[in-house]
Structures are given as structure tokens and as C-alpha cells.
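Please read the structure below before turning to the comments.
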Amino acid sequence: MIAALLALAVWQAPADADAARAARLAAQRQQAMARHDAIVASGLEAPFTAALERVIAAHPGDVETLPYLAVKEGKVPLGAFTSFVRWQGREAEGRPPVAIDREVANAPLATIVDFERQLAARGVALLVVLLPTRLELHPELVVDAPAGTDAKFAGLGSATQLLVAELATEGVEAVSVLDAFVAHRATAPAADPLFLANDPHLTPRGYELAARVAAQRLLAWPGFAHGSMVEGRDFVVAPAEFAYDPAETALKRGAVKEAVRGDTLRQGNAIVDFHDANAPLVVLGDSHTRLHSFTACDFVAQLGRFTGQKVDFLKADGGAPDQVRRKLARREPERWKTMKTVVWLLSETVLVPSSRWKTIALGEQE
């Protein structure tokens, strides 16, 4: 009798996990479509896109080398303008937005799905985390918003929400942090922004909030447990103000030093190091993963804070779509045995179709 009950429990566990996963994916699709509908209903996206198109037409050239463009407050790279217009646009009338158009070559949707399937075959779960751009949270930087907009502001980037919904349909767990960012905009003081004013990256508060959203999703997974690191016992949170010093390449394009504030993570007088090269939890991404790491205000450290786990990471500046996947593919067979979860952090600016979104084989399982 006992053996029969144990057998039943073993049989039910996968079914329960599958049901929980199906419920999360259904909620993911529902929330993404609700945000999509709210963005469309706001009526802001069309005039905003038209404004971006005018700016793009007035600044021909290589978006990767042109100086950052002045907006009403600070500066924004031209790439943020061009990627939004391309991503939200359509190849032809009657086609879906590029974000979910399966006929567009080298688009990210199919590649992300393929990557999730390859990881799942190795027993590794994937969570895709999407970062909006500053323009999507603050369209008033380039276009005058109609009166009363703040009351119904839902952010911008309706096509990204369609991508999140499509990923749910394909069985890929993904989250856009736009919801959390819009809520922060509505309630936080202007002195606590989520984006740097003259640089395409986020402030420490922005990465902290993104990490919190990612951790909440991970901790909802039945197989993902909070780790042994406990805030207040193993480390403390110490709010601080410090200077952000842009990289030399950004300085040459117009970025400037900025004063920022963030929640540093400390053990005594030392900054907490959440990195562990053998951790089950791995983050993939570009400079967004580790910016502000000298104060433990980076995405990786804050993810460790909220999950209580050590975190491994693979970072490639400018290489979030392809280079980090190649790095992962070169991991030793033994490392795959300890890897359980991958968080892929992607800024929406890198989602436009390009050769960087070609599929990459992780290799034969050992």
C-alpha cells in the first residue's frame, strides 16, 4: 500500500509541475495582452512613432557611432529610435509587427524558442527578462503628450507585449519589466529615476527593480527555492549615493558622469560578491547585467539578493543576442550537470532582426 502511494506521488509530481507551468504561461499571455491593449488604447504610440521617424530622417548615418541625440532632458542614442520603429513596424500591409512576424529572417522569436528547447533538453529552465528603453517609459522626452496622459499611461512598446504573449504560447517563460517600471514612474519621486539621463543604461534603481521582477517570477516556480543567503543576516542593504562614470566609448558619443543612488549590498565594510562560477543560477546578457557592480547595485548582485542564491553570469558587451549563447555552448560537460536555471536579460534595443539572431547549437549532450 505504501509503495503504491509513493508511486502515485511520483506520478503526480510531474503532472502538478506541468499544470503550474501551464498556469504561469497562461497568466503571462493574459498580462502581456492586457498591457498591449492598454498601450494601444492610450493613443500615444502612433504620434510617438511618427516623431521618432522624423528624428531618424534628420540624422542619417551609422546608429552605432553617431553622437547621442539631445532630447528634452538629457541624451538618447539614435539606436533607441531606430530599433523601436523597426521592431514595432510591419514589413508590409496586412503583416503582423516585426516583433512576431515569423516570415522575417533572423528575427528573435524563433531563436528564443529554439534556445529554450535546447536548454530544456539538458534539464535547464529559461526565463527571458526584457528591459524597455527610456523612451518607452518617457515618451514626453520627444513628443508632447496630450492632457491627462499620466492618468492612463501604460508605457509604450505594444509589439514587445505581443512577443511576450507569443513566447507564452510557445511555452517560453518571459517577463517584460515594463509593468513594474510604469508603476514606479507613477509613484516614485523624480529624483529616483530608473534610467540614466545621458547614457543608454539604467540607474541602480532600474536594475534593482528588474532583478526583483525576475526573482519574483523564479520563486513562483515549484522547483526554484530561495537560497541560503538571507538579507539582514548574511548581508545588509545600505542605500548610498555615488558617481556613475561612463565607459570611454560612451563618453566619446556624449555620455557624461552622473550622480546616482542605489541599494548597495554589504558584509561589514566589503561589498557582497554573489558570483559563483558553479552556481545553478546563470545570467546571460550584455553590459546591462553588471553595470554598477562595484557597489553591488548591478542586476546580477540584486538577483542574488532577492533569490538568496549565488549567481554565475556570462557577459558580452554588445553581444546579448549571440555571443553569450556561444559562450554557453562552450561550457564544459561537467558544468551542465550543475546548471539548473538561465536568466537571459535582453534590452529591447537588441531585439531587431539581424544575423546575431541566428540559431546556435549548444552541442551534443555528453
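The values are calculated or read from the model by the stated rules, or taken from the named source; none is laboratory data. None of these values were measured; they are calculated from a predicted model. All Cβ positions, even for glycine, are placed from backbone atoms using ideal geometry, and neighbour counts span all protein chains on display.
Descriptive notes on the structure:
- Some residue of segment 55-76 being at pLDDT 95 or above, in contact with a strand residue (DSSP E or B) (Cβ under 6 Å, 6 or more places away or on another chain) and over 25 Å from Asp150 (Cβ atoms): yes
- Residue match in segment 213-230 (condition: among the β-branched types (Val, Ile, Thr), without any contact (Cβ under 8 Å) to a residue 60 or more places away in the chain and either at negative phi or in a loop (DSSP other than H, G, I, E, B) (or both)): no
- Per-region count, segment 293-315, residues surrounded by 23 or more Cβ atoms within 10 Å (Cβ to Cβ), under 28 Å from Glu334 (Cβ atoms) and aliphatic (A, V, I, L, M): 4
- For the residues Val98, Val85, the requirement of being in contact with a Lys or Arg (Cβ under 9 Å, 6 or more places away or on another chain) and either in contact (Cβ under 8 Å) with a residue 24 or more places away in the chain or surrounded by 17 or more Cβ atoms within 10 Å (Cβ to Cβ) (or both) singles out Val98.
- Complete set of residues in segment 264-292 that are crowded, with 19+ Cβ neighbours inside 10 Å and not in a loop (DSSP other than H, G, I, E, B): Thr264, Leu265, Leu281, Val282, Val283, Leu284, Gly285, His288, Thr289
- Residues of segment 312-350 that are in a loop (DSSP other than H, G, I, E, B), touching a residue at least 60 places away in the same chain (Cβ under 8 Å) and out of contact with any Phe, Trp or Tyr (no Cβ under 6 Å at 6 or more places or on another chain): Met339, Lys340.
- Any hit, segment 97-120, residues being more than 21 Å from Asp322 (Cα to Cα) and either among the β-branched types (Val, Ile, Thr) or modelled with pLDDT of 95 or more (or both): yes
- Filtering segment 258-303 to residues that are touching a residue at least 40 places away in the same chain (Cβ under 8 Å) and among the aromatic types (Phe, Trp, Tyr) leaves Phe274, Phe299.
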